[in-house]
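Enquirer: I have a structure here, written as structure tokens, and I will follow up with some questions on it.
Computed from the coordinates by the stated procedures, all read-outs in this text should not be read as laboratory data. What you see is a predicted model, and the numbers here were worked out from it, not measured in a lab. All Cβ positions, even for glycine, are placed from backbone atoms using ideal geometry, and neighbour counts span all protein chains on display.
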Ligand SMILES: [Zn+2]
């Protein structure tokens with residue numbers, strides 16, 4: 001324990017010093033103090049100065065030794081010097097110190113951890129003791145199931161809806177409830193306690209904190225402004241190597257990425273793409289393929305076909321553009337042996353994937369029919385985000401209006417995607433890293449759609465069950481189920497004390513906004529404490545609730561991090577259209593068909609239920625800083641034990657690397 005306390009104390013002192021000096025520091029060095037790397041994990045060093053004339057006088061010392069002349073390359077903007085593709089071979093503390101001719105100095109202290117042998121450098125070792133660590137055996141495959149935005153309450157709501165309660169006892173447990181390991185994760189990013197999904201995922205798979213909106217990189221001083229055409233600025237940041245890249249280099253593992261979102265979205269991209277702009281969709285999609293030789297990318301499935309068809313595609317649904325494309329700066333492409341990228345909005349990216357041996361599928365029907373010997377798989381099941389479980393299941397039960405409106409009538413569920421991904425990845429005897437994202441738990445929580453968020457969590461849990469089945473059969477697999485952050489302050493308030501018909505019949509509460517007694521009619525419809533009772537939904541053979549509201553409204557969900565909205569406690573017949581993650585033409589079509597653009601527009605104001613004043617500005621609920629649960633299981637080893645307890649999101653990286661490379665797995 002004292003060791004950790006001293007590390008925390010040192011970090012605090014550094015943070016205080018930085019807080020006082022950050023705004024004014026004329027010279028800065030990256031990686032920042034507090035960065036941690038594996039032995040031989042690659043990263044870029046960057047020295048930045050606010051005075052371009054001083055860059056020529058900059059010297060960089062690594063552990064007191066000056067870097068040889070020419071080891072640092074000036075960037076194209078006169079704002080900094082880069083030494084790319086560096087690594088440390090010796091575990092322990094290392095110092096980076098930069099000086100310039102004006103007498104300025106910048107120092108960064110970083111730590112290097114050896115994943116190949118046992119050590120007591122972090123909590124896992126202390127929790128386990130030497131005996132536990134010795135029993136850790138080989139982990140060949142790592143499956144990370146990431147329920148985006150999934151806090152403890154989302155898990156509770158899914159369990160209540162799926163299994164019900166009798167006499168105070170849950171009538172069943174989720175697959176994730178049954179995993180032996182349970183811990184908490186602290187989710188802060190490099191620049192905020194409130195992370196978005198880019199660092200939220202990136203921190204797990206680089207071992208380092210990224211800034212919000214950035215993935216696989218450290219921040220720099222050449223951030224691209226929205227009016228700036230120079231897309232190199234979004235792709236020139238100092239990189240840090242991903243788990244997928246490191247394990248592919250060390251062990252020859254494959255990478256699988258599966259999501260229900262558009263695959264340009266932050267969580268999937270933060271496993272394989274290095275960018276300071278999570279919204280640079282054309283470049284993000286291109287880089288998946290262009291750098292697949294480094295990540296071992298073998299499976300990529302989700303929505304987002306709009307980035308894969310040329311900008312002049314006759315469908316009209318392409319989103320490829322020069323403004324969101326990428327080119328790498330010369331020093332970066334040279335240092336890593338990468339093609340420099342190109343501004344090529346008319347690229348046929350599906351064709352390019354196929355040319356590199358990827359089987360391409362566009363529907364569930366295609367997916368279940370892939371040949372048994374498939375080793376590389378690209379699945380794009382929607383133009384932007386895939387539809388949510390609620391609307392996909394409605395289609396399977398004979399109500400396809402929503403999926404038809406999205407031009408995606410035949411989409412797989414997440415457990416079907418997981419199944420296919422595992423079959424393909426399992427063909428690599430050297431193992432794999434697979435990230436499976438339940439993306440809409442977050443998105444529907446932002447939109448304050450309780451039913452869709454809860455169904456989404458049930459869909460996610462069915463994918464968890466598939467992963468656990470695989471791990472048990474395989475005998476060498478680590479399964480983690482977690483989130484990147486909590487979204488919306490999701491909380492279960494109770495149950496309705498009115499029937500659906502009664503709720504529908506309540507008058508609008510518009511005009512009853514003040515503190516009045518007895519208050520808006522729909523406020524009085526929430527049964528709390530003992531009047532909440534127990535929810536027991538009828539479940540169809542497909543595993544989802546048979547009827548949404550079941551005569552009553554057995555679960556009423558509130559949102560503690562909400563924006564202004566109206567609440568009628570009824571399930572919402574139409575999803576709010578996904579604003580950032582759909583092609584423009586499709587958004588126009590959906591608006592014409594009456595799909596609400598924002599949550600507060602779900603109905604005309606006169607029918608909208610009661611107005612809830614949000615605590616934040618904007619139109620959607622926001623992420624919170626709540627710690628999130630992490631569940632763990634491993635077959636053939638005790639690796640799961642390392643994830644018990646409270647941990648930082650970056651700790652998870654080192655624990656995974658150790659599980660994959662630790663003593664039990666050496667040749
Ligand atoms: Zn979110």
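Enquirer: Compute the helix-to-body angle for 2-21: its Cα long axis versus the longest principal axis of the chain, expressed 0 to 90° and rounded to tens.
Expert: Roughly 90 degrees between the two axes.
Enquirer: Once you put a point 7 Å from the Cα of residue 50 and another 7 Å from the Cα of residue 607, both along the Cβ direction, what distance in nm separates them?
Expert: Result for the modelled spin labels: 5.7 nm.
Enquirer: Is the C-alpha gyration tensor of region 386-453 telling us rounded, prolate or oblate? Criteria: a/c under 1.5 is rounded; beyond that, a/b larger than b/c is prolate, otherwise oblate.
Expert: Values: a/c = 3.33, a/b = 1.71, b/c = 1.95.
Oblate, since a/c reaches 1.5 and b/c is not below a/b.
Enquirer: Which angle from 0 to 90°, rounded to the nearest 10, does the C-alpha axis of helix 414-425 make with the longest principal axis of the chain?
Expert: So the inclination is approximately 30 degrees.
Enquirer: Further question: Considering the Cα positions of region 323-404, please state its Rg to one decimal place and its Dmax as a whole number of Å.
Expert: When restricted to the Cα atoms of region 323-404, Rg and Dmax are 18.0, 55 Å.
Enquirer: Tilt of helix 281-290 relative to the longest C-alpha principal axis of the chain, in degrees (0 to 90, nearest 10)?
Expert: 60
Enquirer: With 10 angstrom as the radius, rank 593, 572, 655 by how many other C-beta atoms surround their C-beta, starting from the fewest. Please report the intermediate quantities before stating the final value.
Expert: Details: 593 12, 572 20, 655 25.
Exposure proxy ranking, most exposed first: 593, 572, 655.
Enquirer: Counting only the backbone N, which residues of region 563-583 are under 18 Å from the spot 7 Å out from the Cα of residue 404 toward its beta-carbon?
Expert: 573-575
Enquirer: Points 7 angstrom from Cα along the Cβ direction at residue 348 and residue 71: gap in nanometres?
Expert: Roughly 4.8 nm, to one decimal.
Enquirer: Still on this structure, I have one more. When N is the residue count of the chain, what does its C-alpha Rg come to as a fraction of 2.2 N^0.38 Å? Before the final figure, lay out the partial values.
Expert: Details: Rg = 25.2 Å, N = 667, 2.2 N^0.38 = 26.0 Å.
Cα Rg divided by the expected 2.2 N^0.38 Å: 0.97.
Enquirer: What FRET efficiency comes out for the pair residue 79/residue 186, r = Cβ-Cβ distance, R0 = 35 Å, nearest 0.05? If you can, show how the numbers build up before the last one.
Expert: Values: r = 32 Å, r/R0 = 0.93.
According to the calculation, E is roughly 0.60.
Enquirer: For the residues 414, 570, 54, what sequence is obtained by ranking on other C-beta atoms within 10 Å, fewest first?
Expert: Working: 414 29, 570 18, 54 15.
Ranked by crowding around the Cβ, least crowded first: 54, 570, 414.
Enquirer: Follow-up. Starting from the Cα-Cα distance between residue 397 and residue 540, subtract it from 0.36 nm times their residue separation and give me the gain in nm to one decimal. Display every interim value, and only then the final one.
Expert: Numbers: separation 143, 0.36 × 143 = 51.48 nm, distance 1.02 nm.
Full extension from residue 397 to residue 540 adds 50.5 nm.
Enquirer: What nm value, rounded to one decimal, do you get for the distance between residue 323 and residue 105 when each label is placed 7 Å out toward the C-beta?
Expert: If labels sit at residue 323 and residue 105, their model points lie 4.7 nm apart.
Enquirer: If you average the C-alpha positions of region 606-656 and of region 422-492 separately, how far apart do those two centres end up, in angstrom?
Expert: For region 606-656 versus region 422-492, the Cα centre distance is 12 Å.
Enquirer: Arranged by the count of other C-beta atoms within 10 angstrom, fewest first, what order do 39, 361, 273 take?
Expert: Values: 39 18, 361 21, 273 30.
By the 10 Å Cβ count, ascending, the order reads 39, 361, 273.
Enquirer: Hey, another quick one. Using packing as a proxy for protection, rank 396-402, 158-164, 481-487 so that the peptide with the highest average count of other Cβ atoms within 10 Å comes first.
Expert: Details: 396-402: 13.9, 158-164: 21.6, 481-487: 28.9.
Ranked by mean Cβ neighbours within 10 Å, highest first: 481-487, 158-164, 396-402.
Enquirer: I want to make sure I understand the PRE zone here: with the label point 7 angstrom from the Cα of residue 61 toward its beta carbon, which residues in region 25-45 have backbone N atoms less than 17 Å away?
Expert: 27-30, by backbone N distance to the label point.
Enquirer: What number in nm² do you get for region 586-667 if you take the convex hull of its Cα atoms and divide its surface by four? Walk me through the intermediate numbers first.
Expert: Values: hull surface 43.9 nm².
Convex hull of Cα atoms, orientation-averaged projection: 11.0 nm².
Enquirer: What does the helix-only formula give at 222 nm for the chain: each DSSP H stretch with n ≥ 4 adding -39500 (n - 2.57), the total divided by the residues, and the result rounded to the nearest 500 deg cm²/dmol? All intermediate terms of the calculation are to be shown ahead of the outcome.
Expert: Numbers: 19 runs with 186 residues, N = 667.
Taking each H run of at least 4 residues, the total per residue is -8000 deg cm²/dmol.
Enquirer: Given R₀ = 56 Å, what would the calculated FRET efficiency be for residue 375 paired with residue 95, taking r from the Cβ atoms and rounding to 0.05?
Expert: On the way: r = 44 Å, r/R0 = 0.79.
The value I calculate is 0.80.
Enquirer: If you count, for each residue, the other Cβ atoms within 10 Å and average over each peptide, how do 291-304, 364-377, 615-628 line up from highest to lowest?
Expert: Result, highest mean first: 291-304, 615-628, 364-377.
Enquirer: Here's a follow-up. Hey, with R₀ at 30 Å, roughly what FRET efficiency would residue 312 and residue 416 work out to, going by the Cβ-Cβ distance, to 0.05?
Expert: For R0 = 30 Å, the calculated efficiency reads 0.35.
Enquirer: Highest mean first, how do 448-454, 422-428 rank when packing is the count of other Cβ atoms within 10 Å averaged over residues?
Expert: 448-454, 422-428
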